[in-house]
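Before any comments, here is the structure.
The values are calculated or read from the model by the stated rules, or taken from the named source; none is laboratory data. Here the structure is a predicted model, which is why all the values come from computation and not from measurement. We place every Cβ from the backbone using ideal geometry, glycine too, and count neighbours over all the protein chains shown. Protein only, heavy atoms only, side chains kept; ligands, DNA and RNA dropped before computing areas. Shrake-Rupley method; radii C 1.70, N 1.55, O 1.52, S 1.80 Å.
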Amino acid sequence: MNFSMDGYLCELAGAQIRDGLHIMGKVPEGETMIDMLQALTRLSNLEIASLRGAIAALFDLDASELLENQGLRVRDVPPMLVHLADRPLVTAGDIIETIDELVKHLLALLQQEKFEVRSIAKVIGETFPHLEADAETSDITTTLKFVCTGIVPNLADTTQEITNLILALDGGFVPAGPSGSPTRGMAHLLPTGRNFYACDPQSLPSLAAWEVGQGLAKTCLDRYLADTGAYPEHVAISVWGTAAMRTHGDDIAEIFSLLGIRPKWQKENHRVTGVELIPLSELGRPRIDVTIRISGFFRDAFPHLITLLDDAVNMALDADEPVEQNFIRKHYLEDLENEKTETSARYRVFGCPPGAYGIGILDLIEAQNWKDEHDFAECYVNWGGYAYSKKSPEGIEAKSDFTHRLTTVEVAIHNQDDREHDIFDSDDYFQFHGGLIATIKALSGKDPKGYFGDSQNPAAPKYRDIKEETLRVYRTRVVNPKWLESIKQHGYKGASEMAATVDYLFGFDATANVVSDFMYEEVAQQYALDKATQEFYKNSNPWAQKGISERLLEAAQRGMWAEPDPDTLEALRQTLLQCDAELEGRSELS
């Protein structure tokens, strides 16, 4: 228990906290620049080692192992590292924290030297006394050179966001550049402000994505095995087109891996030419049945991937193997016995009707037009009940088949590939993932496992239960004073972001039952009842305060906030009355 608790606290402490919103064309400065550089060098960038990893290697430590075992006690901690920390280093998490402090110290000294390459040796010498020779010949020097000659100049070109916007509006040519997540080991994607291109769709999933996808599949199954003692027979996953572009197909690769299918690439250009069956002897586990809910954008951008997914599904369910080792074939044969048609028994890819987008659950939430998960399930099936396949690339109405598929799902999956946003940043998270969880519960009468995949470090993907992910985001951002203060600098928009955070937290609780009473209480205190925050709303955006108060009171009214403090509820009611009076007064003045 102590081991896991210490590791969990270390993970929270090491979370990347955003400093407000991005201001178009503004170059990071001061502490913000240091934080940005630390985020961009946290992982390796192509052949450039991460600063965290390079410093760990200087002390003959493996950063990856430390990160995987943050609560583990470490024997024989290097004395020089203890000296630099100036405190006892007991666990792997303590060592990671010290290494991150050294990274920040290095970057701060380098900033004082105006990021001059010739100052790198000096900076290293000041940071690692008595280790200068080793440090100067290590990856630390190479990475700092990359910071000085690559990352910092590209960040300075953030001003191009304004320049190129004006150029585009004037009908000029905007330079092109690659897309992706810079903090995911892709700092070479900078500078921003370019007309980014996505990827070659025919190359998805890429060789790198295949490695990540296999890791995601293994981690997901390992988590379920640890939770239940068995493999899941049937999982469902939501797949977005934007994530496919950023990762070059991580989610698709995971689906293939769960099915026990491997992509085939053309050697000359690494384009995917087809798929092949992984023998059970090599796979070492059963083939898992996978139902896929694609977004409308994915449907439009990657029609060939729908065909490839359909090929993989059919290859797996047609394999002449024992059904206890091939769950998708097992379910296919059961469907045929239950008078499902040959075609519909093969459906596994579902999405919106052609030309439509989204889930529809947000409309129910905003109109307060719902009672329980059955309302969400009806909406989810109505919006996603079109089957897509090689034979039906334009989609075909299949609500009953979609309903049938979801009835037997044991695990609902959604993945995230970067640290630049979280589950309370957009309604899409609770609509796609929360909606999936609510629908499975409504149709089956059972609570599925809701797993949230985190592949921000592609080399070490992990899965958290959705309640664990909710708590992680709640503690690292939602009630984090650093984020709350930083978002307030954006005035009206900052207040809107705070109100949206409460809305999305509410939406996820409505669909997936993930928010505890203490969380609602703390949100009420910090977002609605704090005097300084109320003054901020009054000066910036009183409508946000009204929306937050209404949403929290609705949570109590619906029983989602099961046992609220009566004094807190009364304070929220009075706050709402004050908001109404103030807004009415503003309307009369206008």
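Against the condition closer than 26 Å to Glu469 by Cα, open to solvent by 10 Å² or more (accessible area, probe 1.4 Å) and in a loop (DSSP other than H, G, I, E, B), how does Ala556 come out, does it pass? Spelling it out, it is not the case that Ala556 is closer than 26 Å to Glu469 by Cα, open to solvent by 10 Å² or more (accessible area, probe 1.4 Å) and in a loop (DSSP other than H, G, I, E, B). Of the helices (runs of 4 or more DSSP H) contained entirely in region 342-440, not one carries at least 3 residues that are closer than 30 Å to Leu43 by Cβ.
If you filter region 208-250 down to residues that are among the charged types (D, E, K, R) and open to solvent by 20 Å² or more (accessible area, probe 1.4 Å), you find that the one that is modelled with the lowest pLDDT is Arg246. Of all residues assigned to region 498-514, none qualifies as being open to solvent by 20 Å² or more (accessible area, probe 1.4 Å), more than 20 Å from Phe432 (Cβ to Cβ) and touching a residue at least 60 places away in the same chain (Cβ under 8 Å).
Scanning region 559-576 for residues that are more than 16 Å from Asp517 (Cα to Cα) and among the hydroxyl-bearing types (Ser, Thr, Tyr) yields a single hit, Thr575. Filtering region 443-463 to residues that are more than 21 Å from Gly185 (Cβ to Cβ) and either open to solvent by less than 20 Å² (accessible area, probe 1.4 Å) or in contact with a strand residue (DSSP E or B) (Cβ under 6 Å, 6 or more places away or on another chain) (or both) leaves Pro448, Lys449, Gly450, Tyr451. Selection of helices (runs of 4 or more DSSP H) fully inside region 89-154 by the criterion of at least 2 residues being surrounded by 17 or more Cβ atoms within 10 Å (Cβ to Cβ) and at pLDDT 95 or above returns 92-112, 139-146. Consider region 378-401 and keep the residues that are polar (S, T, N, Q) and under 29 Å from the mean Cα position of the chain (by Cα). The one that is least open to solvent (accessible area, probe 1.4 Å) is Ser389. Here Ala253 passes the criteria (1) surrounded by 22 or more Cβ atoms within 10 Å (Cβ to Cβ); (2) touching a residue at least 60 places away in the same chain (Cβ under 8 Å) except the one numbered (2).
For region 420-468, a tally of residues being over 29 Å from Gly180 (Cβ atoms) and touching a Ser or Thr at 6+ places or on another chain (Cβ under 6 Å) returns 3.
With respect to (1) under 23 Å from Leu364 (Cα atoms); (2) over 18 Å from the mean Cα position of the chain (by Cα), the lone exception for Val514 is condition (2).
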